[in-house]
1. Across region 49-91, what is the total count of residues that are farther than 12 Å from Phe112 by Cβ and more than 16 Å from the ligand (Cβ to nearest atom)?
2. Quick check on my filter: what residues within region 315-374 are farther than 23 Å from Gly406 by Cβ, touching a residue at least 24 places away in the same chain (Cβ under 8 Å) and in a loop (DSSP other than H, G, I, E, B)?
3. Would you say His268 is crowded, with 19+ Cβ neighbours inside 10 Å and either within 16 Å of the ligand (Cβ to nearest atom) or not aliphatic (A, V, I, L, M) (or both)?
4. From the list Lys242, Lys191, exactly one residue is farther than 26 Å from His79 by Cβ, more than 13 Å from the ligand (Cβ to nearest atom) and surrounded by fewer than 15 Cβ atoms within 10 Å (Cβ to Cβ). Which is it?
5. Which residue pairs have Cβ atoms closer than 6 Å, lie 6 or more positions apart in sequence or on different chains, and pair a first residue in region 165-182 that is more than 21 Å from Lys109 (Cβ to Cβ) and in contact (Cβ under 8 Å) with a residue 40 or more places away in the chain with a second residue that is of a type in the set (Val, Ile, Thr) and not in a loop (DSSP other than H, G, I, E, B)?
6. Going by the structure shown, is Asp382 of a type outside the set (Lys, Arg) and farther than 25 Å from Ser468 by Cβ?
7. What about Ser171, is it closer than 19 Å to Gly237 by Cα, within 14 Å of the ligand (Cβ to nearest atom) and surrounded by 23 or more Cβ atoms within 10 Å (Cβ to Cβ)?
8. If we scan region 470-490, do we find a residue that is crowded, with 23+ Cβ neighbours inside 10 Å, in contact with a Leu (Cβ under 7 Å, 6 or more places away or on another chain) and modelled with pLDDT under 95?
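The values are calculated or read from the model by the stated rules, or taken from the named source; none is laboratory data. None of the values given here were measured: they were computed from a predicted structure. For neighbour counting, all protein chains shown are included, and Cβ atoms are generated from backbone atoms with ideal geometry for every residue, glycine included.
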Amino acid sequence: MSKFRVRTENSVAELSWARLFHSESARHLIATESKPDAPVESGSTSKLDQLVARRKIANLGGGEERIESQHKRGKMTAHERMLALFDKGSFTELDTFVSHRSTDIGLDKQRFEGDSVVTGYGTINGRIVFAYAQDFTVLGGSLSLVAGLKISKVMDHAMRTGAPIIGINDSGGARIQEGIDSLAGYGEIFKRNTLASGVVPQITIIAGPAAGGAVYSPALTDFIYMVEGIGQMYITGPDVVKSVTGEEVSHEDLGGAAMHASRSGVAHFTAESEDACFTHVRALLSFLPSNNAESAPSIESTDSPDRSDTELRNVVPDAANQPYDVMDVITKVVDNGEFLPVHHNFAPNVVVGFGRLDGRSIGVVANQANQMAGMLDIDASDKAARFVRFCDAFNIPLVTFVDVPGFMPGTHQEYGGIIRHGAKLLYAYVEATVPKMAVILRKAYGGAYIVMSSKELRSDLNLAWPGSEIAVMGPEGAVNVISRRDIAEADDPVAKRAELTADYRDRFANPYVAANRGYIDNIIDPAQTRPELVKALRMLESKVDSIPPKKHGNIPL
Ligand code: HXC
């Protein structure tokens, strides 16, 4: 059907409008669809045609050539991303016809309906979610003031309705031609990211460049996904790095998915494709409430709450220093063995992630014995602390599996501030008011024992396996400190050390001293871990707890 007809007054107006949007797609429509001999139609039909035409142009973003170029780069368009992310047929776009009003540096000739971002809402697994997707085909997805305001509008909706917000980033940053207006657009977004923190879940997907100050909106959100090969984040690109520091580094090594997911910890997840990313985001959301006033989602569990697992008796080796994979413990305990690790490649000496117990979402924190013996270091402390705070903010009960020989020693850690980083984890556990349960699997030594959700940090129910050692430090270390002189003066120092170590182990390196004093609530057969935790979770269902009223605490950042 013809969209533009040059003979009527209306169609003259439409043509002028199309010219106003100096986009390739508008020009294309004018060239192919303006037919001078086409019959004249009545006003209302023509208005509907105009709507259809304008919407069509808006949907083309920067135009067909740029869409092709986007596809050639292995990237979906903003609209395609929305359709792939949301439940089929549920995406509703807002602000389709917003465009910038700038005229500087040729912007008056580069005006696109919808500008550089697609915004709206839809459902994911049947629940309302808001989202925005930056449109790289429009001026490189650069953020104009109106793009910032479009994003702000859906963030406001998310806050008022109590729904998660997802941002898909693919942008060259601040729209350089707009200058300070563009920065104001960013400011509006950062403000909302901060105010929404702990109120609604915020998820970022990096599916293109995210450079300069633009990275700080993602950084303020709860979870960052990076799509491998196309997602990059950095404060300054390789050229600036070279000119300032002399370093030569590729885009990927400086700010690619693998780097951020393993070294900087900026990214929580990577995905090999956009489709895989959207599938993962949908899975993540299934564990989360829509806002902080809701309980964690509960589903009908197909796994028996009474299921015991005798294999758990053999997961942890008898020898205190032998490694094992704590994932074997986690997956044997949670419903149907389903566990969604967060920050999987960053600080692997601690495992955090989501699972379900009895159908209810839980957050799991676990020392990973096969990485640095499960010691806590700077990155592990940051990782676990942030996860604990997320779970607490969104009413997700915490289950902590403890096997920790201590904090990582060394100048690297001390100079890096292990003291203040480790304190974050303490702070997070103490402040958390959600149901908290812990199971000590093997070692729980010293300060690290206290940090890992000990009773003293307001944990609700702490259990220990029979082989666990709850002490100030390991027997060998303890004997070296307190019996150094006895050992040195002994006829056979080696035998003496062995004898004293065995004695210390018998006395202190077991769970019975802690159980005797009530520092743990019970010692359990490892096979019964799941049923015991399910019972505890049910018992804690109605838990009410709070922290003293204050403006806010001062977590050691
Ligand atoms: C306006 C921009 C733009 C921007 C890209 N474009 N970035 N237009 N403002 N920031 C335009 C390009 O001119 C080009 O238009 C089109 O988008 C596609 O860009 P290309 O360079 O052709 O694409 P590509 O080669 O893939 O490179 C992508 C890129 C690069 C790496 C993002 O464009 C780039 O380096 N852009 C500038 C990044 C930057 O310095 N941004 C400002 C950061 S400071 P045409 O019409 O020629 O095709 C910042 C401050 C935020 O963001 C502060 C918040 C507080």
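1. The first filter runs over region 49-91 and keeps only residues farther than 12 Å from Phe112 by Cβ, leaving 49-53, 55-56, 64-65, 67-77, 79-91.
Narrowing the set further to residues that are more than 16 Å from the ligand (Cβ to nearest atom) leaves 49-53, 55-56, 79-91.
Qualifying residue count for the region: 20.
2. Within region 315-374, Val334, His344, Asn345, Asp358, Gly359 qualify.
3. Numbers: crowded, with 19+ Cβ neighbours inside 10 Å: yes; either within 16 Å of the ligand (Cβ to nearest atom) or not aliphatic (A, V, I, L, M) (or both): yes.
Spelling it out, His268 is indeed crowded, with 19+ Cβ neighbours inside 10 Å and either within 16 Å of the ligand (Cβ to nearest atom) or not aliphatic (A, V, I, L, M) (or both).
4. Working: Lys191 fails: more than 13 Å from the ligand (Cβ to nearest atom).
Just one listed residue meets the conditions, Lys242.
5. Ile166/Ile203; Gly167/Thr204; Ile168/Ile205; Asn169/Ile206
6. Numbers: of a type outside the set (Lys, Arg): yes; farther than 25 Å from Ser468 by Cβ: yes.
Yes, satisfied.
7. Numbers: closer than 19 Å to Gly237 by Cα: yes; within 14 Å of the ligand (Cβ to nearest atom): yes; surrounded by 23 or more Cβ atoms within 10 Å (Cβ to Cβ): yes.
So Ser171 fits the description; yes.
8. Looking through region 470-490, at least one residue is crowded, with 23+ Cβ neighbours inside 10 Å, in contact with a Leu (Cβ under 7 Å, 6 or more places away or on another chain) and modelled with pLDDT under 95.
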